[in-house]
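Student: Below: one structure in structure tokens.
Any read-out appearing in this document is the output of simple, stated calculations on the displayed coordinates, not a laboratory observation. Remember, it's a predicted structure, so these values are computed and weren't measured experimentally. Here the Cβ positions follow ideal geometry from the backbone for every residue, glycine too, while neighbour counts run over all protein chains shown.
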Amino acid sequence: MKKISVILLLFFFIGLNAQKGEGGMWMPNTIKQVEADMQGMGMSVTAENIWSNDKPSIKDAVVQFGGGCTAEIMSDKGLVFTNHHCGYDAIQKLSTLEHNYLQDGFWANSFEEELPAEGLTVTFIDDIIDVTDQVLNGVTDSMSAKERQSAIDKNINAIKKSTPQDRFHTFSIKPFFKGNKYFMIKKTTFYDVRLVGTPPASLGKFGGDTDNWEWPRHTADFSVFRVYADQNNQPAVYSPNNKPYKPKYFFKVNIEDLQPEDFTMVIGFPGRTNEYLTSYAVKQIQDIRDPARVSVREITLGIMDERMAKDKALKLKLASKHAGLANYWKFWIGESQGLKKFKAVEAKQKFEQDFTDKVNSNPEWKQKYGDILPRLEQLYGELEPYLTVQDYTSEIFGRNVELPSIAMVAGMLEKQSQERGEAFYKMVKDRYKEYIVNNMMKNFDKETDKEIFANLLDFYVKNVDPQYISPELKKALENKTPQELVNELYEKTNLDTKEGIEKLFSKETSKEFAEALNQDPAYKLLTAQQKWIDEKVSAPVNKINTEINALMSKYLKAQMEVYSDKAFYPDANFTMRVSYGRVKGFHPRDAVFYEPFTHGYGILEKYKPGDPEFDLPADVVELLLKKDYGRYASKDGTLITDFLATNHITGGNSGSPILNGRGEHIGLAFDGVWQGIMEDIYYRPEVARSIHVKDNYVLWVIDKVGHCNHIIDELTIVDHSNEPKPVKEEKKKKRKKFLGIF
């Protein structure tokens with residue numbers, strides 16, 4: 001029995017070690033620190049294969065796609081894979097009722113047929129440089145939060161002035177580890193990106209909102225683009241003379257069968273995580289902030305659903321906005337529920353007590369760090385009265401309704417022109433106009449916007465403390481209902497039509513622009529309310545948050561000192577990260593297990609003719625019924641569509657490549673599961689799963705549905721299924737040696 005107990009104990013520690021990196025988002029230039037752990041899990045490439053400044057490496061094939069997704073280079077001709085929902089905006093812009101590429105799909109049969117996606121960019125990361133010493137030069141612990149940030153901003157501006165950049169070659173300096181480290185990210189951006197192919201929405205969005213954040217999934221969430229460069233392979237704006245970009249590195253596509261526990265690696269640009277939050281912050285997110293934002297979006301989405309169901313043209317126009325609003329509506333519901341279910345607040349409290357005990361046991365630590373948590377608790381208490389009105393305001397006046405958003409952007413030009421002068425106004429006014437007309441108004445339908453605004457304004461005045469409603473808004477509502485006020489605003493404003501916007505932005509001088517803008521009744525009222533919120537809510541909130549941020553920097557620094565044997569990784573901040581894990585199913589609830597793979601026959605099981613979320617084209621149904629999977633079938637004759645892995649991903653990772661141990665492309669990340677949705681705050685390895693579309697399904701759609709053999713021929717497709725797997729054998733040897741009993 002003693003021998004068996006020792007064996008079980010050793011297996012327990014092996015399991016702990018194997019999961020050390022699962023949940024982590026590691027910087028690619030520092031991946032060496034977990035290289036041994038990754039290789040122990042089955043990776044055969046090296047840290048240098050992932051990141052190198054001296055030779056082509058994996059990071060050279062991973063790009064930031066547009067403003068908020070990831071994509072990857074898949075051929076020596078600049079072919080790009082990303083998610084269907086990442087290409088959604090570009091595909092929508094290129095679509096018309098006559099050529100509805102969102103609904104019907106699109107496949108270019110030659111370079112000449114590829115469609116320029118105006119405004120779309122891809123950005124490569126050239127280098128990541130530690131500039132901590134320069135940024136924190138002269139910064140001391142005795143400084144106030146405001147003084148500290150002022151010194152940091154001054155140092156960053158000095159670095160920016162001394163570092164050259166242009167439109168194509170830029171850099172950003174970002175904080176890591178809550179401001180304890182700073183890195184400069186050097187980038188190259190390409191502006192000529194063209195649509196090569198996309199499946200119809202019935203495949204690319206199969207399952208719709210019903211399946212969003214859910215497993216099992218059967219979604220072909222991919223689209224195909226191409227990067228173009230000038231004659232010297234350098235970035236350039238669109239020109240018919242541009243050539244397909246020749247990349248430093250591109251991925252091979254592996255179509256062999258996956259097995260549970262196979263090693264997986266995801267590289268991308270995750271947006272934001274907050275793994276080091278205190279219990280006070282987590283409780284507010286769980287009980288106040290998420291419910292507030294959900295309540296607003298429920299009203300908006302209900303109105304949009306009803307109107308879109310009656311009008312196909314409106315459905316196309318509002319599709320992108322609806323998808324974006326619905327995505328985080330469902331996310332916030334799941335996040336709040338998950339935090340409660342897994343007792344995240346209690347877990348944070350337990351850690352904070354352990355931290356406090358350790359700090360108090362060491363006089364030096366107690367002097368430096370003993371007051372951090374009590375002060376944070378006090379500050380979060382001061383923050384709480386403002387949270388609901390802050391979220392209601394940002395949702396209603398900043399995200400859900402277009403008219404206030406348009407007014408805000410126009411107001412930004414007015415303010416910046418006052419600060420930076422007439423030359424600035426003349427230089428940028430057309431850019432502002434184009435952004436409003438081509439981006440904001442593509443989602444704008446006046447009648448829908450009016451109905452949403454009227455309902456949300458009614459909700460706002462009924463649920464917000466009257467002290468946060470401006471005198472101007474109170475006066476405007478004295479003898480009117482919210483519906484009547486909104487009708488009047490939309491009748492008199494010039495900000496709700498392209499013609500009105502173009503007339504406003506045609507003003508020759510910034511003074512004329514400001515005069516015209518400030519005569520607009522909608523702008524006047526919305527600006528007055530925003531100024532009131534800025535004074536009564538934003539100003540005190542910003543003051544509190546400035547101190548919270550400074551204390552959180554100190555808190556994380558303290559954790560890294562107190563728990564010096566623990567490996568820390570920085571929270572995500574839209575910079576390139578590597579997460580690693582394994583193919584794995586999970587138990588969503590008692591007596592239920594989710595297998596890690598879905599299959600082609602599962603698509604037919606969900607198929608519902610006429611249902612907008614689960615309908616399928618006739619040719620796809622026929623192919624699936626015939627089981628015509630071609631070379632993309634598994635050894636058992638099925639077609640794997642999607643799969644689960646333990647890699648931690650979040651918003652921004654959409655479209656990220658998921659790689660096998662050889663660094664070969666096996667799929668694209670596109671979602672997470674409902675049960676683990678709180679992982680950005682509280683990662684739970686037993687339920688945190690990322691969802692990926694398998695390359696076999698992607699290629700099957702391109703080949704069998706799109707009939708684009710030239711794309712298939714352009715890819716480098718590999719299958720090592722008949723080759724030995726030395727990495728796993730070596731892993732077994734290491735475990736035998738470690739156990740010493742076999």
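Student: Using a simple charge model, +1 on the beta-carbon of Lys and Arg, -1 on the beta-carbon of Asp and Glu, nothing else, what dipole does the range 259-329 show about its Cα centre, in debye to the nearest 20?
Tutor: It works out to roughly 540 debye.
Student: Among 338, 260, 404, pick out the residue whose Cα is farthest towards the positive end of the charge dipole of the chain, where Lys and Arg carry +1 and Asp and Glu carry -1 on C-beta, about the Cα centre.
Tutor: Positive-end residue among those listed: 260.
Student: Of the listed peptides 425-435, 59-69, what is their order by residue-averaged count of other C-beta atoms within 10 Å, with the highest listed first?
Tutor: On the way: 425-435: 15.7, 59-69: 22.8.
Ranked by mean Cβ neighbours within 10 Å, highest first: 59-69, 425-435.
Student: Can you give the charge dipole size of the chain about its Cα centre, rounded to the nearest 20 debye, using +1 on the beta carbon of Lys and Arg and -1 on the beta carbon of Asp and Glu?
Tutor: Roughly 2040 debye for the chain.
Student: While we're here: Got the relative contact order for the range 127-189 handy, in percent, Cα pairs under 8 Å and 6 or more residues apart?
Tutor: On the way: 73 pairs, mean separation 27.3, N = 63.
Worked out over the range 127-189, it gives 43 percent.
Student: At what distance in angstrom do the alpha carbon centres of the range 582-639 and the range 349-380 lie from each other?
Tutor: 51 Å
Student: At a threshold of 8 angstrom on Cα-Cα distance, excluding pairs fewer than six apart, so keeping six or more, what relative contact order does the chain reach in percent?
Tutor: 23 percent
Student: OK, next. For a footprinting-style exposure proxy, rank 86, 708 by other Cβ within 10 Å, fewest first.
Tutor: Result, fewest neighbours first: 708, 86.
Student: Checking the cross-link filter: which lysines have an alpha carbon closer than 22 Å to that of residue 246, excluding same-chain neighbours under 8 positions apart?
Tutor: Candidates past the 8-residue exclusion: 55, 59, 77, 186, 187.
Student: Mind listing the lone cysteines of the chain, meaning no other Cys beta-carbon sits under 4.7 Å from theirs?
Tutor: Here 708 come out as lacking a disulfide-compatible partner, given the Cβ-Cβ threshold of under 4.7 Å.
Student: Please give the length that would be gained between residue 467 and residue 618 if that part of the chain were fully extended, namely 0.36 nm times their separation in residues minus their C-alpha to C-alpha distance (nm, one decimal).
Tutor: This chain segment gains 48.5 nm when fully extended.
Student: Do any of 584/606; 511/543; 446/531 go past 28 Å between their Cα atoms, and which?
Tutor: 511/543
Student: Taking the dipole about the Cα centre of the range 279-559, with the C-beta of Lys and Arg at +1 and of Asp and Glu at -1, give me whichever of 489, 359, 286 is farthest to the positive side.
Tutor: Of the candidates, 359 comes out farthest on the positive side.
Student: If each residue's Cβ is checked for other Cβ atoms within 10 Å, how do 167, 684, 577 rank with the fewest at the top?
Tutor: Working: 167 9, 684 17, 577 29.
By the 10 Å Cβ count, ascending: 167, 684, 577.
Student: Relative to the Cα centre, what is the charge dipole magnitude of the range 127-189, using +1 at the beta carbon of each Lys and Arg, -1 at the beta carbon of each Asp and Glu, and rounding to the nearest 20 debye?
Tutor: 220 debye
Student: Sort 317, 341 so that the residue with the fewest other Cβ atoms within 10 Å of its own Cβ comes first and the one with the most comes last.
Tutor: Values: 317 19, 341 13.
So the ranking, lowest neighbour count to highest, is 341, 317.
Student: Quick one: which of 310/341; 178/450; 462/524; 450/503 span more than 31 angstrom between C-alpha atoms?
Tutor: Result: 310/341; 178/450 exceed 31 Å.
Student: Can you give the calculated 222 nm mean residue ellipticity of the chain, where each DSSP H run of n ≥ 4 adds -39,500 (n - 2.57) and the sum is split over every residue, rounded to the nearest 500 deg cm²/dmol?
Tutor: -14000 deg cm²/dmol
Student: Oh, and also: Using Cα pairs closer than 8 Å and at least 6 residues apart in sequence, work out the relative contact order for the range 279-559, in percent.
Tutor: For the range 279-559, the relative contact order is 25 percent.
Student: Further, regarding this structure: As an exercise, identify the GluC sites (Glu not before Pro) in the range 232-303 lying in DSSP coil whose Cβ has no more than 10 other Cβ atoms within 10 Å. List each step's numbers first, then the result.
Tutor: Working: sites: 256, 261, 275, 298; in loops: 256, 261, 275.
Answer by residue number: there is no such site.
Student: Below 19 Å, Cα to Cα, which aspartates and glutamates can residue 343 reach? Residues fewer than 8 away in the same chain don't count.
Tutor: Counting by Cα, and skipping residues close in sequence, residue 343 has these aspartates and glutamates nearby: 275, 287, 290, 335, 352, 354, 377, 590, 679, 680, 686.
Student: Quick check on packing: order 140-150, 539-549 by the mean number of other C-beta atoms within 10 Å, highest mean leading.
Tutor: Result, highest mean Cβ count within 10 Å first: 539-549, 140-150.
Student: Could I ask something else about it? Pairs to check: 174/368; 283/348; 154/181; 368/557; 146/283; 317/442. Give those whose C-alpha atoms are more than 18 Å from each other in this structure.
Tutor: Those over the limit are 174/368; 146/283.
Student: If packing is taken as the mean number of other Cβ atoms within 10 Å per residue, what is the order of 396-409, 93-106, highest first?
Tutor: 396-409, 93-106
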